[in-house]
Amino acid sequence: MIQDPVFQQALPVLKALEAAGYEAYFVGGAIRDALLGLPIHDVDIATSAYPQEVQDVFPKHFDVGLEHGTVMAWYEGETYEITTFRTESGYQDYRRPDKVEFVQSLEEDLLRRDFTMNALAMASDGQIIDYFNGQEAIKEGRIEAVGVAHERFHEDALRMMRAVRFASQLDFEIAEETSRALKTNAPLLEKIAIERILVEMNKLWQGKNWQKGLAQMLEADLWAYCPYLERQVLETMLKLLASSPFADSDMAWAFYLYLDLGAGADRQAYNQASHQLARAWKMSKREDQHIAGLAYALAVRQGLSVWDADSLYALGFDLAWQLEQTLAQEEAEGSLLSQRFSPANLAACQANWQALPIHSLKDLAVNGSDLIQAFHPAEGAQIGRWLGTLEAAVLAGQVTNDKASLLAWLKEEIATEEEHL
């Protein structure tokens with residue numbers, strides 16, 4: 001395992017600390033993922049060296065959290081997070097410790113971690129240090145708090161969301177005592193910033209068994225301390241959707257809104273609902289707009305046999321294509337939700353889009369300046385109305401999309417209107 005390229009690249013950092021007379025280990029999720037055969041993206045390092053001593057070993061460094069014992073060391077073009085062995089206490093805000101004390105014991109340091117599968121260390125020779133049977137938990141697919149689960153969740157209430165997120169990502173079961181502590185301490189989730197909860201929730205949606213994570217979230221009543229969530233809607237998602245992960249968490253939220261509002265809601269209703277969701281969860285404007293578009297696309301698609309030209313133009317290809325791919329996957333896995341829709345047809349979606357004469361108003365061969373120069377409108381609002389008229393005419397095949405044809409056609413339309421005044 002120590003031969004993994006990520007560990008090998010970081011190994012000289014451990015050896016430099018050891019050469020200076022300190023203990024140093026790889027710790028945390030990287031070891032768990034290596035044992036599971038999952039990709040390792042970065043490593044964390046714990047050491048007996050105090051922050052000032054780490055700085056001395058690595059003159060090039062960033063001080064990102066000295067009060068918590070963390071130094072970001074720069075070594076051969078890479079940065080490594082190195083943290084002094086420590087214990088923590090206090091936790092009046094159920095998230096951050098009031099007191100951090102540096103220690104010389106690896107076991108004490110690992111004792112403060114969340115779950116046994118994450119409380120592992122690996123020495124520079126590849127030996128794994130496991131004080132809390134974390135390797136056994138990994139083999140058995142078990143999420144189990146280090147020590148007393150109730151205490152771990154009181155220290156950091158976000159760990160409850162991490163538990164259900166790991167259930168989704170790893171397809172693990174939550175140990176019985178840990179599960180009971182989740183339900184007992186669920187109200188503490190209100191103490192946590194919603195932005196932090198959103199990060200975990202989005203990871204849950206994209207896990208390989210998001211249904212397991214969501215079911216645990218419901219069982220523990222964690223959902224009740226998150227904004228804008230209804231148990232009935234979440235249970236409907238579990239019943240109707242297949243177990244494949246969401247490639248995009250926005251799609252999961254879109255299904256939530258679709259199942260909440262239904263196919264009868266108009267675009268404005270979906271926009272309003274998405275805005276309320278985004279504001280409650282403090283999502284970005286991009287997320288808000290994307291979720292609203294996907295949710296409304298679901299409502300539109302339910303009433304279609306295939307994506308037609310008008311619907312594709314109104315929604316845009318990207319939304320329709322992303323949704324059609326998702327429906328194809330749901331259909332392949334035989335989900336109940338796919339039975340609400342006609343069979344997915346990716347070829348028709350693409351062909352009907354390509355057959356459109358224009359894909360947006362920007363594709364018109366004339367613009368506002370052209371119309372001003374040709375017709376000298378009395379009011380500026382008239383330009384927008386003319387552009388809309390031309391857009392509809394091109395889409396309906398009434399006129400070809402070239403400048404001369406468009407101006408000639410509009411001239412006739414204006415003349416006809418004037419005759420009827």
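The values are calculated or read from the model by the stated rules, or taken from the named source; none is laboratory data. All values derive from a computational prediction rather than experimental measurement. FYI the Cβ positions are ideal-geometry reconstructions off the backbone, even for glycines, and counts take in every protein chain you see. Side chains are part of the model used for accessible areas, which takes the heavy atoms of the whole protein and leaves out ligands, DNA and RNA. Shrake-Rupley method; radii C 1.70, N 1.55, O 1.52, S 1.80 Å.
In the set (1) touching a residue at least 24 places away in the same chain (Cβ under 8 Å); (2) open to solvent by 50 Å² or more (accessible area, probe 1.4 Å), residue 272 fails one condition alone, (1).
For segment 282-334, the candidate set comprises residues that are of a type in the set (Ser, Thr, Tyr), touching a helix residue (DSSP H, G or I) at 6+ places or on another chain (Cβ under 7 Å) and closer than 20 Å to residue 249 by Cβ; within that set, the residue that is modelled with the highest pLDDT is 296. Among the conditions (1) under 43 Å from the mean Cα position of the chain (by Cα); (2) more than 24 Å from residue 237 (Cβ to Cβ); (3) open to solvent by 30 Å² or more (accessible area, probe 1.4 Å); (4) of a type outside the set (Ser, Thr, Tyr), residue 375 misses just one, which is (1). Total residues in segment 335-347 satisfying the condition of being buried (at least 20 other Cβ atoms within 10 Å of the Cβ) and either more than 25 Å from the chain's Cα centre (by Cα) or hydrophobic (A, V, I, L, M, F, W, C) (or both): the figure is 2. Restricted to segment 28-79, and to residues that are among the polar types (S, T, N, Q) and in a helix (DSSP H, G or I), which residue is most open to solvent (accessible area, probe 1.4 Å)? The extreme case among them is 52. Within segment 211-225, residues that are under 15 Å from residue 256 (Cβ atoms) reach partners that are outside any helix (DSSP H, G or I) and open to solvent by 10 Å² or more (accessible area, probe 1.4 Å) with beta carbons closer than 7 Å, at six or more positions or on different chains, in the pairs 211/243; 223/229. The one condition from (1) aliphatic (A, V, I, L, M); (2) open to solvent by less than 40 Å² (accessible area, probe 1.4 Å); (3) closer than 15 Å to residue 241 by Cβ that residue 332 does not meet is (2).
Matching residues to (1) modelled with pLDDT of 95 or more; (2) in the same structural domain as residue 151 (by the TED database); (3) under 24 Å from residue 151 (Cβ atoms):
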position	(1), (2), (3)
181	yes, yes, yes
186	yes, yes, yes
198	yes, yes, no
213	yes, yes, yes
222	yes, yes, yes
259	yes, no, no
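Looking at segment 352-407, which of its residues are part of a loop (DSSP other than H, G, I, E, B) and within 25 Å of residue 304 (Cβ to Cβ)? Selection gives 355, 356, 357, 358, 359, 360, 396, 397, 398.
Of 356, 361, all but one fail to be within 22 Å of residue 402 (Cα to Cα) and either touching a residue at least 40 places away in the same chain (Cβ under 8 Å) or within 24 Å of the chain's Cα centre (by Cα) (or both); the exception is 356.
Yes/no matrix, rows are residues, columns are (1) in contact with a strand residue (DSSP E or B) (Cβ under 8 Å, 6 or more places away or on another chain); (2) within 17 Å of residue 12 (Cα to Cα):
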site	(1), (2)
22	yes, yes
27	yes, yes
33	no, no
36	no, no
39	no, no
46	yes, yes
50	yes, no
59	no, yes
62	yes, no
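Could you go through segment 236-250 and let me know if any residue there is free of Cβ contacts under 8 Å to residues at least 40 places away in the same chain and open to solvent by 10 Å² or more (accessible area, probe 1.4 Å). There is at least one residue in segment 236-250 that is free of Cβ contacts under 8 Å to residues at least 40 places away in the same chain and open to solvent by 10 Å² or more (accessible area, probe 1.4 Å).
Is there a residue in segment 310-321 that is surrounded by 12 or more Cβ atoms within 10 Å (Cβ to Cβ) and hydroxyl-bearing (Ser, Thr, Tyr)? Yes, segment 310-321 contains at least one residue that is surrounded by 12 or more Cβ atoms within 10 Å (Cβ to Cβ) and hydroxyl-bearing (Ser, Thr, Tyr). Residue 130 meets all of the listed conditions (1) touching a residue at least 12 places away in the same chain (Cβ under 8 Å); (2) open to solvent by less than 60 Å² (accessible area, probe 1.4 Å) but one, namely (1). On the given criteria, is residue 301 surrounded by fewer than 20 Cβ atoms within 10 Å (Cβ to Cβ) and either charged (D, E, K, R) or more than 22 Å from residue 231 (Cβ to Cβ) (or both)? Answer is no for this residue.
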